[in-house]
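Right, one structure below, let's go through it.
The values are calculated or read from the model by the stated rules, or taken from the named source; none is laboratory data. What you are looking at is a predicted structure, and each value in this text was computed from that prediction instead of being measured. Counting neighbours? That spans all protein chains shown, and the Cβs are built from the backbone with ideal geometry, glycine included.
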Amino acid sequence: MGKRITQQARGKGSLTFKVRPRAYRYKISYAPAYVEGEAKIIKLFNSAGHSSPLAEIEITSSSKDETGKIVRFIVPAAEGVYEGQEIYIGKRSENKDSEIGDILKLKDIKQGTKMFNIESIPGNGGKLLRSAGSSAIVTDNNEIQIKRRKIKLHENCRAVIGQAAGDGRLIKPLVKAGKQHYRMRALGRKWHRTSAVKVNAIDHPFGGGRGKRIKSKIAKRNAPPGKKVGHIRPSKTGRKR
């Protein structure tokens, strides 16, 4: 009788495959849409669940409903910002150019400007390009270009000007395998990875190294991920009529 393969064990969850809740206690978001004006970076700190350092931003809202209320939120830090720096949320007055760390809507960002932490839907708090060193540029008609790929978003989606801090974190060599072990352990992933045909026959459907030319099989439509390994799920089965 075979044992659970890696995909099934990860889906089930266990002491080996678990997420540390404290690593994800910081929620990345933006201030409410009506909040605009001068803001201040009050704190820069690291988070085990994020590759980029985070920045806590404070702004005093001045709307009709809530006057003088202090709003705080957390975003990935831009490259080059510092604690105590004054930034601006929204378009700067007198048509001044935006600076690194400012938070703007796509319609207010000039073409060719680098940005990150982009909202996919207005108000959802930034979902795209949050990892260290990532950035995109604005092209035209509210399109953003990520490397060679273009995505069209709503004009009211917000983004942070600049590039996410932490670029170059992978340049430093690991030197020994033990350091990689602890690095991967912190991410909560299975390390190291190996090919399915290299493991024992009892550990995987493809294991044992015999019969490498495997015929594809039909997986049940509602089968869990571990049962679908190496199988296909066509939209239709049987003879075409």
Self-check item: Selected residue (criterion: nearest to the chain's Cα centre (by Cα)) from residues of the range 2-15 that are exposed (fewer than 15 other Cβ atoms within 10 Å of the Cβ) and touching a residue at least 24 places away in the same chain (Cβ under 8 Å)
Solution: Gly11
Quiz item: Before we move on, is Glu155 surrounded by fewer than 17 Cβ atoms within 10 Å (Cβ to Cβ) and within 18 Å of Ala31 (Cα to Cα)?
Solution: yes
Quiz item: Which one is modelled with the lowest pLDDT, of the residues in the range 148-180 that are in contact with an Asp or Glu (Cβ under 9 Å, 6 or more places away or on another chain) and polar (S, T, N, Q)?
Solution: Asn156
Practice problem: For the range 130-158, name all the residues that are of a type in the set (A, V, I, L, M) and either free of Cβ contacts under 8 Å to residues at least 40 places away in the same chain or outside the structural domain of Asn117 (by TED's automatic domain parsing) (or both). | Solution: Ala136, Ile137, Val138, Ile144, Ile146, Ile151
Exercise. Could you please find all residues in the range 10-52 being touching a Phe, Trp or Tyr at 6+ places or on another chain (Cβ under 7 Å) and not assigned by TED's automatic domain parsing to the domain that holds Gly84?
Key: Arg10
